[in-house]
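Undergrad: Quick one: the structure is below, questions incoming.
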Amino acid sequence: MSTEIRNRIKKNVANLESWAKKFQIDAYRIYERDIPDYPFIVDRYNDKFIVYDRSIDSIDSREDKQQHFPQLIDALKDLFGASEDQIIIKRRSRQKGESQYEKTAETNRTETVREGEAVFKVNLYDYLDTGLFLDHRLMRDKIRKQAKGKEVLNLFCYTGSVSVFAALGGGHVTSVDMSATYSRWAQDNFRLNGLDPSQHVFVTQNALEYLHEPKDERFDIIFLDPPTFSNSKRMDESFEVERDQVPLVDACMDLLADEGVLYFSNNKRSFKLEPVIEASYRVRDITASTIPKDFRDPKIHRVYEIRRKSTPGL
């Protein structure tokens with residue numbers, strides 16, 4: 001076993017464990033490509049570990065590189081006494097469209113993890129992603145603090161973690177996702193947190209279609225977190241977040257209350273906001289304040305706070 005990778009993970013965990021315990025966080029990142037020869041990511045979920053293997057994109061296939069992945073696995077076993085079943089390996093290549101949401105296994109094994117005052121159902125085995133985006137932890141809490149008495153719209157809501165925090169904060173939440181599976185999962189998360197799904201709104205529909213349907217209501221907070229790219233069979237046309245950002249943001253702003261706020265997030269590493277958006281609205285890049293302590297990568301996502309120009313106090 002390499003002492004280098006073992007010592008790095010041990011150091012990372014020593015820096016994170018007291019923080020995680022203080023804020024009641026069961027799921028967090030303990031290793032993120034810290035050492036160039038070990039281009040892997042490790043997320044901890046209670047006593048289990050998800051290892052994302054990005055080596056196919058990052059290092060060559062020479063024989064002397066093949067030892068690095070087993071050394072990482074051995075380090076996890078040694079440090080945490082983890083069994084083979086507690087280490088879930090996901091071969092993570094560049095994802096296109098909705099492939100990160102598609103099933104890769106059929107175990108149907110789920111468990112729960114805490115995040116502050118919330119509890120979430122996760123599936124560590126069947127999808128590339130688990131049902132909880134760890135990098136949006138601070139964003140969830142930000143919305144919780146602002147949600148009391150507000151109408152909140154969560155677009156591309158996935159499994160509804162942002163919706164749960166908004167509801168726990170006292171907001172009335174509308175959650176929109178094209179997937180019936182994720183809509184049910186989101187409602188399960190509501191029930192886990194003592195929230196009645198019937199007191200909120202769940203819409204199983206393409207968020208792009210939802211945005212362009214006539215509506216009377218206006219929302220005080222909109223969270224918009226679209227995929228980087230989608231060419232789902234359930235859509236008439238493909239979607240690319242940078243290409244299509246202007247009509248997407250405009251449609252959201254049409255549904256925003258006069259003093260409301262739109263949080264526009266995406267995961268495209270090279271994303272650039274169109275100047276016309278900055279010219280049309282009051283925009284603030286809040287990305288730096290939304291990157292959690294356990295994430296080293298400052299490009300894991302981008303988040304913009306967008307308000308009407310007439311809105312005071314920005």
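Values in this text are rule-based calculations from the coordinates and carry no lab data. The shown structure was predicted, so the numbers you read here are calculated from the model rather than taken from an experiment. All Cβ positions, glycine included, derive from the backbone under ideal geometry; neighbour counts span all protein chains shown.
Undergrad: Does the chain classify as rounded, prolate or oblate by the C-alpha gyration tensor (a ≥ b ≥ c root eigenvalues; a/c under 1.5 gives rounded; else a/b over b/c gives prolate, otherwise oblate)?
TA: Verdict is prolate for the chain.
Undergrad: Let me ask something else about it. Quick check for me: using +1 on Lys/Arg Cβ and -1 on Asp/Glu Cβ, what's the dipole size of the stretch 135-307 about its Cα centre, in debye to the nearest 20?
TA: Charge dipole, the stretch 135-307, about its Cα centre: 800 debye, nearest 20.
Undergrad: Which value in deg cm²/dmol, rounded to the nearest 500, describes the helix-derived mean residue ellipticity at 222 nm for the chain, given -39,500 (n - 2.57) per DSSP H run of n ≥ 4 and division by the residue count?
TA: -8500 deg cm²/dmol
Undergrad: Based on the alpha-carbon gyration tensor of the stretch 99-194 and its eigenvalue square roots a ≥ b ≥ c, which shape applies: rounded if a/c is under 1.5, prolate if not and a/b is larger than b/c, or oblate?
TA: It comes out prolate by the Cα gyration axes.
Undergrad: Can you give me the long-range amide H partners of Phe49? Hydrogens built in the peptide plane at 1.01 Å from N, cutoff under 5 Å, separation of 5 or more residues or another chain.
TA: Ile87, Ile88
Undergrad: Considering amide H positions built from the backbone, and no H for Pro or chain starts, which residues 5 or more places from Cys157, or on another chain, come under 5 Å of its amide H?
TA: For Cys157, the qualifying residues are Val176, Asp177.
Undergrad: Follow-up. Mind listing the phi-derived Karplus ³J(HN,Hα) values for the stretch 119-131, rounded to whole Hz, using 6.51, -1.76 and 1.60 with θ = phi - 60°, and x for any glycine or proline?
TA: Those phi angles translate into 10, 10, 7, 10, 10, 7, 10, 9, 10, 5, 9, 9, x Hz.
Undergrad: Packing-wise, with mean Cβ within 10 Å as the measure, how do 257-263, 152-158 rank, highest first?
TA: Output ranking for 257-263, 152-158: 152-158, 257-263.
Undergrad: What ranking do 164-172, 28-36, 77-85 get when scored by the average of other Cβ atoms within 10 Å per residue, highest first?
TA: Per-residue Cβ counts within 10 Å, averaged per peptide and sorted highest first, yield 164-172, 28-36, 77-85.
Undergrad: Here is a follow-up. Which ³J(HN,Hα) values in Hz, rounded to whole numbers, follow from the phi angles of the stretch 152-166 under the Karplus curve 6.51 cos²θ - 1.76 cosθ + 1.60, where θ = phi - 60° and Gly and Pro get x?
TA: Per residue, the Karplus-derived 3J(HN,Hα) values read 10, 10, 10, 9, 6, 6, 6, 9, x, 5, 5, 4, 4, 5, 5 Hz.
Undergrad: Rounded, prolate or oblate: which fits the stretch 228-307 when a ≥ b ≥ c are the square roots of the eigenvalues of the alpha-carbon gyration tensor, with rounded for a/c under 1.5 and prolate only if a/b beats b/c?
TA: Taking the square roots of the gyration eigenvalues as a ≥ b ≥ c, the stretch 228-307 is oblate.
Undergrad: Okay, next question. With θ taken as phi - 60° and the coefficients 6.51, -1.76 and 1.60, list the Karplus ³J(HN,Hα) couplings across the stretch 202-214 in order, rounded to whole Hz; mark glycine and proline as x.
TA: In residue order, the calculated couplings are 10, 10, 8, 6, 4, 4, 5, 5, 4, 4, 9, 8, x Hz.
Undergrad: What is the set of long-range amide H partners of Leu128 at a cut-off below 5 Å, with H atoms built 1.01 Å from backbone N?
TA: Here the answer is Glu102, Thr104, since their amide H atoms fall under 5 Å of that of Leu128.
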